[in-house]
Structures are given as C-alpha cells and as structure tokens.
Amino acid sequence: MSENIASAPAAGRSSSTRFLYDPKVRSIVFQLLFIGLLFFLVSTIVTNTTNNLEQRGITTGFDFLSQEAGFGILQSLVEYDETHTFGKTFIVGLLNTILVSVLGIVLSTVVGFLVGVGRLSRNWLISRLCGVYIEIFRNIPVLLQILFWYIAVLRVLPSPRQSLSLGESVFLNLRGLYFPAPIFEEGSGVIFAALGVAVALIIGLSYWAKRRQVMTGQTFPVFNASLALIVLLPAVAWFVAGQPVSLEMPELKGFNFRGGITVIPELIALLLGLSFYTAAYIAENVRAGIDAINKGQQEASGALGLSESKTMRLVIIPQAMRVVIPPLSTNYMNLIKNSSLATAIGYPELVNVFMGTTLNQTGQAIEIIAMTMAVYLTMNIIVSLFMNWFNNRMALVER
Amino acid sequence: MIVNDKTIPSRPAPAANRGVIGWLRENLFATPGNSVLTLIGIAFLLWAIPPILQWAVLEADLFGSDKNACTSEGACWVFVSARFQQFIYGFYPDAELWRVNIFFAEMTAVLVWVLWDKMPKRMWGGIWFLTGFPATSFMLLYGGAFGLEVVDTHKWGGLMLTLVISLVGMVIALPVGILLALGRRSQMPAISSFCTVFIEVWRGLPLITILFMASVMLPLFVPGDIELDKLIRAMIGISLFEAALIAEVIRGGLQAMPKGQYEAADAMGLSYWKGMRLVIMPQVLKISIPGIVNTFVQLFKDTSLVLIIGLFDLLAVMQAGIADVNWPNIAIEAFVFTGFVFWLFCFGMSRYSLSLERKLDTGHKN
C-alpha cells in the first residue's frame, strides 16, 4: 500500500514536470541563468568602457606610474619633490594615510575608553558629562567635525609671531604645531641597543612573573618594573655614550618657524575630527561591554576584598574586552575609511593625492581607482586579521 | 507583663542618607576621589557654560538682514536667518518653493504613519513609503508632468537635497539589502559567493572612493551617448553602499532566527519566497529594526560627503556661506547651526530606535 501512495503523485505527472520540480535541477538552472546575466552585464560594461576610452584617447596600463609627477605634496614621510614619479605619489599618500590612521586609532582608543568608563561612573556628574559627549559627537557627521576643527578652530589661531607657546619649545600657530626634534649624533646606536635590551628584558620578566604567579601565587609589579626598565636603561646609555642626542628647537626666523618637527594644521584637524568622532562610538562599545558583565562578578571580587580599581583591572575589564573587541575592530576600520575625508581639507593622504591630483593629471581613472580600492580592502583585511588574533587571545579559555 | 500590641513605626533614615543631601552624598561625594572628580566637573561647567551662553544668547544679534546688523560681541544669528532659504531649499526657484513644502509635509505624514505604532494600517504606510511616496516626490520636486515646470537637479540643495538623497538611499537600500542578505545565505554557490563578494567589497571601501567611482567611472560604463545626472550617480553609489550595510544587519537577523522557523515554513509546504515573505522576514525585520535605524542614521550623516563631489547639500551651503566675503567671521555660527540640524535628525532617529528596542525587548528572546 505504502508504495502505491508514494508513487501515486509521480505517476500523475509526466516525467518532464517531475524534472522541472527537482530542486537540484532548479538550482543549477537558476545559477546558470544568473551567471549568464552577470556575464552579459560585465561584458557590456567592458565593451562600453573600452569604446569610451578609445573615444577620449586614453590608453590603459600602468606605464604612467613611472612618469614624472611634477607637483609638490604638502607633507611627506619619505623624500619627495616634483621630479619624482606618479608611483612615488602613491607611496607618499599611502604613508600619510597610515600615519593618520595609526595616530587616530591610538587617540580615539584612549579617549573612548576614558569616556566609556566615565559613562558608567557612580559619579552622577561625570556620567552625565560623558553621556553628553557621546550624544553630541556621535550624531554629527564626521566631515562637519573635521571642517569645524580646520576652519573654525585652527584658522583663527594667532600668526607665527604671536604663537601660543609652551616652555619656549612647543609652539602652536596658524601654520601648525612645532616641537623640538631629536638629533641623533654619532654613538647614538648605543641608546637603541639599550632600548632593545630593555624590551627583551621586559618580555622575559613578564614570562617569569606569570610563571611565578602560577606556581606560588606571588605577584610581581611587572608594569612598574617595565616602566623603570624602559626609561632607565636608555637614559643610562645616553649618559654613558656621552649624551649623543640633542634637541633641535624650533626658532622663529622671518615669518615662520624653522627647525624641529612641524605638524601641519590639516593633520591636526583630521586627527581631532576622526578621533573624537570614533571615540564616541568606542565609548558606547566599552559601556555596553562593561554593562554586559554579570553584576555578580563585581560583588564576588568585592567579597574577595579587591579594591574598586583592582576589581576593574583584574575582573571586569578582561571579561568586558571579549564583548568590546569585535565592534572595536569595526570602529577602527571605519576610522581608516573615514581618513579619506581628508580630501575636503587638503591633507595629502591616498585619496587626496593619488585619486585626486594624480588622477586629474593622468586621467587613468580605472587603474588609479582600482589601486586605491585595493589599498583600503587590504587594510581592512589586515585590521580584521589582527583583531581576530587579538580576540582569540582574549577569548574565554574554558575547561 | 508588658505587651506592646502596637507596631512601632519605623524611624526615618538618618538625615544624611536621604533627600537632597543623601542624593549628593551617594552620587557626587561618595569617596574622596569622587569628590575631586565632581569638583573638577563643576569647575569645567563653570568655565564653559557662562561664556557659551553669553555668546550664543545674551550678546547675540538676532534681527536684521545683513552683516551690519551684527554689532555686538556675541553670535551673529542674522547670518542664519538671512541664508535660511538657501539652507533649506538650496537654489530652488522662489516661485516653486510650495512644491518642496508639500514634499516636506508628505514626508512628515508618511513617516508618522509608518513609525507611530498607534496609526492604523501601518503596513500600507510602509508600502506607500517604498512606492507611492518616491513617485509623487519625484513628480513634485523635478516636475515635467501635470503642468509643473521642470526644476533641474543642479538647483536642488540644502536640507532638501540632504533629505532627498537619504530617502532615496533608504528606499533602495532596504529591498536591495534584503535580497543581498538572502543571497548570501543561499544554498546556491554561484549566488552566495557573488553576494558575499559584493557585500564585503562595498562595505570595505570608504564611501568617498565609491562616490569618486560613481562620478568618474560610471560615465565610462554606459554607452557614450547616455548622460547620467550627477545627482543620480551619487545616489546610485550611496544606495549600493548602504545596501551592503543593511544586508549585514539583515543577515544578523536571519542568523538569529531559530532553525525551527525555516523548517516549519518548509513543512507547511510554502515555497521559498512564500516562506520568506510570510514566516521568516516579518520576524527578522522586527528584530533588525534597531540595526536598520542605526544604519539609516549613518546614511543620513554620510550624505554630507556629496559635498566633495560638488553637490550642494546642507554642509556645502554652510561652506559657501563661510567663504562669502560679505559675511566675514561667521564660521562658528554656521557650524553650530548646521551641526544642530544634523544632530536633531540623527539624535531623533537614534532615540526612536532606542525606544523601539525597549518595546521589542519583552522577554520573547529564544
């Protein structure tokens, strides 16, 4: 009987309809149709593009990278002037993007953690102030914030002659921020060697301290000892080697400062805008992460007699980090992507230099846009790989 | 034997632990460290608030028509009122402003209909928002039909342009995002790999490179004789970018659905699309609403980037105002006003999302 029931519907339909209703067949047909459509779309775009490029007389290829650029760039971490190639402008822009991204990530993390912890403070006033900070900075477009710092704050600073100064060595004016630059003379290799030794010692020390704590339960003030090592060893080396490092002070000569390190106002504005905007998001993540920790954890560590700061440092933060890190990596990626808004104020990063000036000069739209996109996608992948690694390290190790 | 048969009334808490003093002790001066923080906070407020108040309100100039009306030390709000029309409508012709006003009114009405949970037939409101509303808005703003004069898109600007780009982004991004999310979770390898690559690439790029691409490369992609409007190009770029973001939000919702729901839909004999439409999507959309609204907040802020490719949105109006030589030194006023307008919209949306989150979180999880 059961055989009859099972085969009854099949017998009622012709074999071709059965074939049509087979999910496997349908899936293959759909996918073939989809691939065909996609292929048609892509080939249309390619034909149109080649036609258009031919009409406008643009040759494709990466030859332009070795041609002379012929334009100057405001700030460069490597040697660059007008005679260098278009390929070099790519490197300069890329390095400037990385510079502002790294500085921004550090600054936004510090501000974000402070505000996030402050938001949960038992102090009503501090908590409210942090809340106001978050709601203001998060709900205003970051481009507007960058423009605000650049136009409304940095443009109204005094001229070089009336610079704001800090101890006659750090100066802030309309043209930027100036501070002393270290000059490494002969024999300063010893200091770097001492720094290397200090780092190696710190790594060894933290391994030893961790092992000792596991074996005996005794703790060792690793942080303070490390701080002492990393400051004292190079300092001693500096004296021993006969003080080979001196400071070059910025000095007012004519209409501007010479010497020292100059931070251009575009970088300051971009950094402040990006960092304060991203910090508001990071603060919210930190708050959510700490909120997610069971209240019993806090009470338990209180019952063990740990002080409030130790509770935070040893019990709450390590657990909260597990919740905080995944959204944190999204925040960092957004910061890197938003650094491209520098175009609006003229900070010479990748999009501004390469996708802006270089593209205008060469007209090689497809190659340049593809290269720029590849850079951002690669940076995204690097950040997410690093954060995944960090997340795995912080993840709960269960028995 | 003495027996007290009356309950002794409980004594009030010590004066130091209740009322204003108790609250202060608990919340502001609990520990010495806390007291120091409080004092620093109060000092900061005393340092910051009086000058701001003095600048923005007490010494501000409110009335007049040009720079000469600003005589005092404080803010020159005359600038904002003098430029108000440009801030809201851009260069839209004076005689046609009523069309933009009707658009604003329709937008408000539709949004109230969709977002306020006491309104009847909100489902139809949603359908109108996605179909009829864009169509009527296009008719109104662009014209060319029913005897309405054509207003070219390069005359659009200000808050109106910001809202138009955001709304177009929302209307396109939501359905495309849903399709992409479904595609990413599809069993068919060709479709799921295409959707995954599409989402990850668009999400990984800065919006500004996408806008550049839309304005530089899109004209290369179409046959030479087709001229794409600058606004349309920007809208295509922004909408696809936001669609990729929405797709990830929806995917989160799809993953949060218990497997039994999918199996139940199959067991009822529903086809894939029917199962999605009747069983899965209503639940997924409900739990994804906060994430979707947050993406819309992001979208609203991101529209300000069109300034870089030369569209005249709210932020661009502000920049043009600052650059105007007839109005020197009004940068801060311009920033405060523009920032406040953006803030108002974004803060409103995020508060709405928060209240929804609270309402939906009724212990029905799992």
*Which condition breaks for residue B:250 when tested against (1) of a type outside the set (D, E, K, R); (2) within 14 Å of chain A (Cβ to nearest Cβ); (3) part of a helix (DSSP H, G or I); (4) closer than 30 Å to residue A:135 by Cα?*
(2)
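Taking segment A:41-62 as the search range and keeping residues that are hydroxyl-bearing (Ser, Thr, Tyr) and in contact with a helix residue (DSSP H, G or I) (Cβ under 7 Å, 6 or more places away or on another chain), which one is surrounded by the fewest Cβ atoms within 10 Å (Cβ to Cβ)?
So in segment A:41-62, the residues hydroxyl-bearing (Ser, Thr, Tyr) come out as A:43-44, A:47, A:49-50, A:59-60.
Adding the requirement that they be in contact with a helix residue (DSSP H, G or I) (Cβ under 7 Å, 6 or more places away or on another chain) leaves A:49, A:60.
Values: A:49: 18, A:60: 13.
The qualifying residue surrounded by the fewest Cβ atoms within 10 Å (Cβ to Cβ) is A:60.
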*Quick one: what pairs do we get from segment B:140-167, first residue open to solvent by 10 Å² or more (accessible area, probe 1.4 Å), second part of a helix (DSSP H, G or I), C-beta under 6 Å, 6+ apart or different chains?*
B:140/B:99; B:140/B:102; B:140/B:103; B:145/B:139; B:153/B:231; B:159/B:88; B:159/B:314
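Can you say whether residue B:43 is part of a helix (DSSP H, G or I) and not assigned by the TED database to the domain that holds residue B:336, as far as the supplied structure shows?
On the way: part of a helix (DSSP H, G or I): yes; not assigned by the TED database to the domain that holds residue B:336: yes.
So residue B:43 passes the test.
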_Lone unmet requirement of (1) without any contact (Cβ under 8 Å) to a residue 60 or more places away in the chain; (2) surrounded by 19 or more Cβ atoms within 10 Å (Cβ to Cβ); (3) closer than 20 Å to residue B:304 by Cβ for residue B:242_ = (1)
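For every residue, the table says whether it meets (1) modelled with pLDDT of 80 or more; (2) open to solvent by 70 Å² or more (accessible area, probe 1.4 Å).
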{"residue": "B:49", "(1), (2)": "yes, yes"}
{"residue": "B:61", "(1), (2)": "no, no"}
{"residue": "B:80", "(1), (2)": "yes, no"}
{"residue": "B:85", "(1), (2)": "yes, yes"}
{"residue": "B:89", "(1), (2)": "yes, no"}
{"residue": "B:99", "(1), (2)": "yes, no"}
*Would you mention how many residues in segment A:118-141 are facing chain B (nearest Cβ under 7 Å) and in contact with a Gly (Cβ under 8 Å, 6 or more places away or on another chain)?*
5
*Determine if segment A:388-399 includes at least one residue that is open to solvent by less than 20 Å² (accessible area, probe 1.4 Å) and more than 9 Å from every other protein chain (Cβ to nearest Cβ).*
no
_When residues of segment B:192-201 are limited to those that are closer than 20 Å to residue A:334 by Cβ and at the interface with chain A (Cβ under 10 Å from one of its Cβ atoms), the one most open to solvent (accessible area, probe 1.4 Å)_ = B:200
*Determine which single condition residue B:38 fails, assuming it passes every other condition in (1) within 14 Å of chain A (Cβ to nearest Cβ); (2) open to solvent by less than 70 Å² (accessible area, probe 1.4 Å); (3) not in a helix (DSSP H, G or I).*
(3)
*Test each condition in (1) within 14 Å of chain B (Cβ to nearest Cβ); (2) surrounded by 14 or more Cβ atoms within 10 Å (Cβ to Cβ); (3) in contact with a Gly (Cβ under 7 Å, 6 or more places away or on another chain) for residue A:65 and report the one that comes out false.*
(1)
*asked:* On the basis of being closer than 15 Å to residue A:147 by Cβ, buried (at least 21 other Cβ atoms within 10 Å of the Cβ), facing chain A (nearest Cβ under 10 Å) and at pLDDT 90 or above, does residue B:342 make the cut?
replied: yes
*asked:* Just to verify a result, which residue in segment A:363-380, among those that are at pLDDT below 85 and of a type in the set (A, V, I, L, M), is least open to solvent (accessible area, probe 1.4 Å)?
replied: A:365
*Out of A:360, A:352, A:331, which single residue is in a helix (DSSP H, G or I), touching a Ser or Thr at 6+ places or on another chain (Cβ under 7 Å) and more than 25 Å from residue A:390 (Cβ to Cβ)?*
A:352
*asked:* If residue A:246 satisfies all but one of (1) open to solvent by less than 40 Å² (accessible area, probe 1.4 Å); (2) small (Gly, Ala, Ser); (3) assigned to a strand (DSSP E or B), what's the number of the condition it fails?
replied: (1)
*Filter segment B:303-330 for residues that are part of a helix (DSSP H, G or I) and open to solvent by 20 Å² or more (accessible area, probe 1.4 Å) and give the result.*
B:307, B:308, B:309, B:319, B:320, B:322, B:323
*Looking at segment B:6-33, which of its residues are more than 17 Å from residue A:308 (Cβ to Cβ) and of a type in the set (Val, Ile, Thr)?*
B:7, B:8, B:20, B:21
*From (1) more than 30 Å from residue A:248 (Cα to Cα); (2) open to solvent by 70 Å² or more (accessible area, probe 1.4 Å), pick out the condition that doesn't hold for residue A:192.*
(1)
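Out of A:151, A:140, A:136, A:105, I need the residue that is β-branched (Val, Ile, Thr) and open to solvent by 50 Å² or more (accessible area, probe 1.4 Å). Which one? If you could, list the steps in order and put the result at the bottom.
Numbers: A:151 fails: open to solvent by 50 Å² or more (accessible area, probe 1.4 Å); A:140 fails: open to solvent by 50 Å² or more (accessible area, probe 1.4 Å); A:105 fails: open to solvent by 50 Å² or more (accessible area, probe 1.4 Å).
Only one candidate passes the filter, namely A:136.
Mind checking whether some residue in segment A:181-190 is within 30 Å of residue A:151 (Cα to Cα), among the aromatic types (Phe, Trp, Tyr) and over 27 Å from the mean Cα position of the chain (by Cα)?
Applying the first criterion (within 30 Å of residue A:151 (Cα to Cα)) to segment A:181-190 yields A:181.
Still in the list and also among the aromatic types (Phe, Trp, Tyr): none.
No, segment A:181-190 contains no residue that is within 30 Å of residue A:151 (Cα to Cα), among the aromatic types (Phe, Trp, Tyr) and over 27 Å from the mean Cα position of the chain (by Cα).
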*Residue in segment B:218-236 that is under 25 Å from residue B:272 (Cβ atoms) and either more than 14 Å from chain A (Cβ to nearest Cβ) or over 21 Å from the mean Cα position of the chain (by Cα) (or both) present*: no
_Can you tell me which condition residue A:343 does not meet? The list is (1) at the interface with chain B (Cβ under 9 Å from one of its Cβ atoms); (2) outside any helix (DSSP H, G or I); (3) hydroxyl-bearing (Ser, Thr, Tyr), and all the others hold._
(2)
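The values are calculated or read from the model by the stated rules, or taken from the named source; none is laboratory data. Since we're looking at a predicted model, the values are computed, not measured. Counting neighbours? That spans all protein chains shown, and the Cβs are built from the backbone with ideal geometry, glycine included. Side chains included, ligands, DNA and RNA excluded: accessible areas come from the protein's heavy atoms. Shrake-Rupley method; radii C 1.70, N 1.55, O 1.52, S 1.80 Å.
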